[in-house]
Each structure stands twice: as C-alpha cells, then as structure tokens.
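FYI, it's all coordinate maths here, none of it is from the lab. Predicted model only: the values in this text are computed from it and were never measured. Here the Cβ positions follow ideal geometry from the backbone for every residue, glycine too, while neighbour counts run over all protein chains shown.
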Amino acid sequence: MYTLYYSPGTASMVVHLALLEIGAPHELKLVDFDLDAQHDPAYLELNPRGVVPTLVIDGRPRCESAALLTMLAERHPAAGLIPPPGTPEREAWQQWVVYLSNTLMSAYRLWFYPAELGATEHTPEVRAALQQKIEGVWGLLDTQLGRHGPYLLGTAFSGADLLLTMLMRWSRNMPRPATEWPALQRLADLVRARPSWKRLYEIEGLHEW
C-alpha cells in the first residue's frame, strides 16, 4: 500500500498516473492549497519543503516527482514503465527523465512563481527569456519525437512519456503551448487516450487539458 499526498494537476500528477498504470493499492490524501495545507506542521514533517508530491513507501515519506516515478517503475517492473537494467533503453529513459526534471520543471517553477526571482511579477524581458527557454525544450523534444517517436523511447511507451505529457499540460495557457509542435501533439494524444489518464481526470476532478 502506498499513500500519495497530492494536489490536482500539480507535479503529483505523474506519480498518481504511475500508480494507476501499475495497479498497486494506494491511498490518496489531498493537500488543499486553498487552505495552505502544504504548510501545515504535520505535512511539513513529511515534506519539509511544503510541496507535493509526497509518497509514503513502506512507512517512509519520499519526495520529488521524477524520483518517485523512478522508484515506482523500478519496484514494479512488470508494469513496463521503465526498461530493464543494463539496456540502452534504460540509459535513454534515465537521460530523458533527468533532462525533463532539470530543464522544464525548474523553468516552470520560475515561470509560475515570480517571487522566486524576487519580483511580484516578471518583467517583459524575464518573461520572454523563460518562455524562450521552455519553447527551446519543446523544439528539441519535437525533433526527437519526429525522428524517433512516437514515444521518447521510440515505439515503446514508458513512464517518461507520462512525465513529459504532464509537463506539456502545464503549458496549455502559455503564449505557445506544447501541442503546437506536431510530434508533441501526437504524443499527447497517445498518452491522453490511456485508461490511466482518463481515470486520473475522474478522480482528481480535472477537466481542461
């Protein structure tokens, strides 16, 4: 049994998707951002940063969405979310998950939270620079998927595609969302057609892509 502390549509989404793909028993605990529940002392005991997700594994709280995706994929290899150890595909999977975490997730953090750059809102120059950084990632990934897709590992779906599609979703209200790149649009369509994606939307009460 796993316990996932989540907030709808946030970085906990990929962990929830992984749990649904695996089919492992799990319990969901909502961290209500509207009530500032992420800063409740009891939650901070689990996650001192006061963010989601937190996944309790065998009684131990663990954090960081990309790391949690990796832990779940490795603990449940039969689900096919990660290639076997020692294979070129495993190396590629690790490369893409780290790349997405280091580039897109960090850039999004600054895009959505100007206060982390010491401002109440971005100047036009900073906003343009962040947009360019994010769109540069979309361009690189679209080329990768266009040449070697439809998935990040070629013809085989993996957990890396769940992470990428979650991050694509976050761009939906940006000036140029990720789905304006054709190979990324194709990937999004494939992942959104999966039962896990549809089930998550029902559970978390999500509507917009």
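222 nm [θ] for the chain, helices only, -39500 (n - 2.57) per DSSP H run of 4+, per residue, to 500?
Values: 9 runs with 103 residues, N = 209.
About -15000 deg cm²/dmol.
Filter the GluC sites (Glu not before Pro) in the stretch 132-209 down to the DSSP loop ones having no more than 11 other Cβ atoms within 10 Å, then list what survives. Each step should come with its number before you reach the end.
Numbers: sites: Glu135, Glu180, Glu202, Glu204, Glu208; in loops: Glu208.
Filter output for the stretch 132-209: Glu208.
Determine ³J(HN,Hα), in whole Hz, for all residues of the stretch 29-40 in sequence, where each value follows from phi through the Karplus function 6.51 cos²θ - 1.76 cosθ + 1.60 and θ = phi - 60°; x replaces Gly and Pro.
Coupling constants for the stretch 29-40: 10, 6, 9, 7, 5, 5, 9, 6, 5, 5, 10, 5 Hz.
Rank Leu20, Leu81, Leu117 by mean-square fluctuation in a GNM of the chain with C-alpha springs under 10 angstrom and give only the top-ranked residue.
Leu117
At what distance in angstrom do the alpha carbon centres of the stretch 54-68 and the stretch 134-209 lie from each other?
A separation of 24 Å, based on Cα centres.
Would you calculate the volume per residue, in Å³, of the smallest convex hull containing every Cα atom of the chain? Each step should come with its number before you reach the end.
Working: hull volume 26.0 nm³, N = 209.
Here the figure is 125 Å³ per residue.
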